[in-house]
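K.L.:
The structure under discussion is supplied below as structure tokens; questions concerning it will follow.
Laboratory data are not the source of any read-out in this text; all were calculated from the coordinates shown. Keep in mind that this is a model prediction, so the values were computed, not measured. Glycine also receives a Cβ, built like all others from the backbone with ideal geometry; neighbour counts cover every protein chain displayed.
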Amino acid sequence: MFTHDDIWRGIDKLASAHGFSPSGLAKQAGLDPTAFNRSKRLSPDGKPRWPSTESIAKILAVTGATMSDFIAFIATEEMQPTHKSAISISVIGFAQAGTEGYFDEDGYPAGDSWDDVPLPGFEAPKEERQYALKVSGDSMEPLYRKGDILVVAPAAKIRKGDRVIVKTTDGQVLAKELVQRSASKITLRSLNNDYEDRALKSSEFHWVARILWTSQ
């Protein structure tokens, strides 16, 4: 499992590799120039602050790096693994995910048709359950590409700007960015500019789950 220090080290090395300081990379990506400052990495009471998935997506986009590139910056010799072997989690493709019977009412895997995929370097929190969806098609490019594995955490808290999976009542499974959520509807931004943004009433979707990580 990657630690708080690992993620920030990855950002520092990505910035350096492309000729930026951390603050320069933040500014280039349209973020607050102080967003990646070392003083912002811990709260006043010493608790770790993590970069958002939105900010990581923006710095990958502006540098042209992939998630694999980012993980390579993290996975240095100084990193100490928390376990020796990969864990396996349930996985299906997006096309299957739209079929009835693959999820329970809370958005967890159901039935016995799921495969398993090993994820080296990934360790699920004991209090949460995760599963994975395998990307097909181009509707999520350039952030996610065909063959990528998206690790989904139904129990994880969802915030504005998070990447999420949404299961609609008409059988669609969507990967989008959460713009806004209320008791009556959700507003979603497409990851690919060629596809429309969506606004769904609460009666038009079954559940929303956060994309926790990507294995490429």
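K.L.:
Tell me the angle of helix 53-63 to the major Cα principal axis of the chain, expressed in degrees between 0 and 90 and rounded to the nearest ten.
P.N.:
60 degrees
K.L.:
In nanometres, what is the gap between the two model label sites at ALA155 and SER182, each 7 Å from Cα along Cα-to-Cβ?
P.N.:
Each label point lies 7 Å from its Cα, and together they span 3.1 nm.
K.L.:
Run the paramagnetic zone check for TRP207: 7 angstrom along Cα to Cβ, then residues of region 88-112 with backbone nitrogen under 19 Å.
P.N.:
89-112
K.L.:
Work out the charge dipole of the chain with +1 on the Cβ of Lys and Arg and -1 on the Cβ of Asp and Glu about the Cα centre, then indicate which of ALA209, LEU133, SER43 is farthest towards its positive end.
P.N.:
SER43
K.L.:
Nothing charged except the Cβ atoms of Lys and Arg (+1) and of Asp and Glu (-1): what's the magnitude of the dipole of region 87-215 about its Cα centre? Round to the nearest 20 debye. Intermediate results must be reported in sequence, preceding the final value.
P.N.:
Values: 17 positive and 20 negative charges, 118 e Å.
So the magnitude is around 560 debye.
K.L.:
Which GluC sites (Glu not before Pro) in region 142-216 sit in a loop by DSSP (not H, G, I, E or B) and have at most 15 other Cβ atoms within 10 Å of their own Cβ? If you can, show how the numbers build up before the last one.
P.N.:
Numbers: sites: GLU177, GLU196, GLU204; in loops: GLU196.
Loop-located and lightly packed - GLU196.
K.L.:
Of all the stretches in the chain, which is the longest one without any exposed loop site, taking trypsin sites (Lys or Arg not before Pro) in a DSSP loop (any state but H, G, I, E, B) with at most 14 other Cβ atoms within 10 Å? Before the final figure, lay out each step's value.
P.N.:
Values: sites that count: ARG49, LYS84, LYS126, LYS146, LYS157, ARG159, LYS160.
The answer is 161-216.
K.L.:
Can you tell me how much longer the chain between SER113 and LYS40 gets when fully stretched, taken as 0.36 nm per residue apart minus their C-alpha distance, in nm with one decimal? Could you put the intermediate results ahead of the total?
P.N.:
Numbers: separation 73, 0.36 × 73 = 26.28 nm, distance 4.46 nm.
This chain segment gains 21.8 nm when fully extended.
K.L.:
Rounded to the nearest 0.05, what FRET efficiency do ARG49 and ALA199 have when you use their Cβ-Cβ distance and R0 = 35 Å? Before the final figure, lay out the partial values.
P.N.:
On the way: r = 31 Å, r/R0 = 0.88.
That pair, ARG49 with ALA199, gives E of 0.70.
K.L.:
Quick one: angle between helix 4-17 and the longest Cα principal axis of the chain, in degrees between 0 and 90, rounded to 10, please.
P.N.:
The helix 4-17 is inclined about 70 degrees to the chain.
K.L.:
What's the magnitude of the charge dipole for the chain around its Cα centre, counting Lys and Arg as +1 and Asp and Glu as -1 at the beta-carbon? Answer in Debye, nearest 20. Let's see the in-between values first.
P.N.:
Working: 27 positive and 29 negative charges, 175 e Å.
The dipole magnitude comes to about 840 debye.
K.L.:
Hey, got the dipole for region 4-74? About the Cα centre, +1 on K and R Cβ, -1 on D and E Cβ, debye to the nearest 20?
P.N.:
Working: 9 positive and 7 negative charges, 33 e Å.
With Lys and Arg at +1 and Asp and Glu at -1, about 160 debye.
K.L.:
With a/c under 1.5 counting as rounded, go ahead and sort region 1-80 into rounded, prolate or oblate using the C-alpha gyration tensor (a ≥ b ≥ c being the square roots of the eigenvalues; past the cut-off, prolate if a/b is larger than b/c, else oblate).
P.N.:
On the way: a/c = 1.71, a/b = 1.06, b/c = 1.62.
The shape class here is oblate.
K.L.:
Determine the shape class of the chain: with a ≥ b ≥ c the square roots of the Cα gyration tensor eigenvalues, call it rounded for a/c under 1.5, and otherwise prolate if a/b is greater than b/c, oblate otherwise.
P.N.:
Details: a/c = 1.76, a/b = 1.39, b/c = 1.27.
In terms of gyration-tensor shape, prolate.
K.L.:
If a/c stays under 1.5 just call it rounded; otherwise compare a/b with b/c (prolate if a/b is bigger, oblate if not). Do that for region 87-215, with a ≥ b ≥ c from the square roots of the Cα gyration tensor eigenvalues. Let's see the in-between values first.
P.N.:
Working: a/c = 1.44, a/b = 1.30, b/c = 1.10.
Verdict is rounded for region 87-215.
K.L.:
With the dipole of the chain worked out from charges on the C-beta (+1 for Lys and Arg, -1 for Asp and Glu) around the Cα centre, which of PRO33, ILE186, GLY19 lies farthest toward the positive end?
P.N.:
It is PRO33, whose Cα lies furthest towards the positive end.
K.L.:
Multiplying the sequence separation of ASN192 and ALA95 by 0.36 nm and subtracting their Cα-Cα distance, what value in nm do you get?
P.N.:
33.1 nm
K.L.:
Net charge near LEU25: determine it from the other residues with C-beta under 14 Å of the C-beta of LEU25, scoring Lys and Arg +1 and Asp and Glu -1. Spell out each step's value before the answer.
P.N.:
Working: positive: ARG9, LYS13, LYS27, ARG38, LYS40, LYS58; negative: ASP12, ASP32, ASP69.
Computed value for this residue: +3.
K.L.:
Which value in deg cm²/dmol, rounded to the nearest 500, describes the helix-derived mean residue ellipticity at 222 nm for the chain, given -39,500 (n - 2.57) per DSSP H run of n ≥ 4 and division by the residue count? Display every interim value, and only then the final one.
P.N.:
Values: 5 runs with 44 residues, N = 216.
After summing the helix terms and dividing by the residues of the chain, the value is -5500 deg cm²/dmol.
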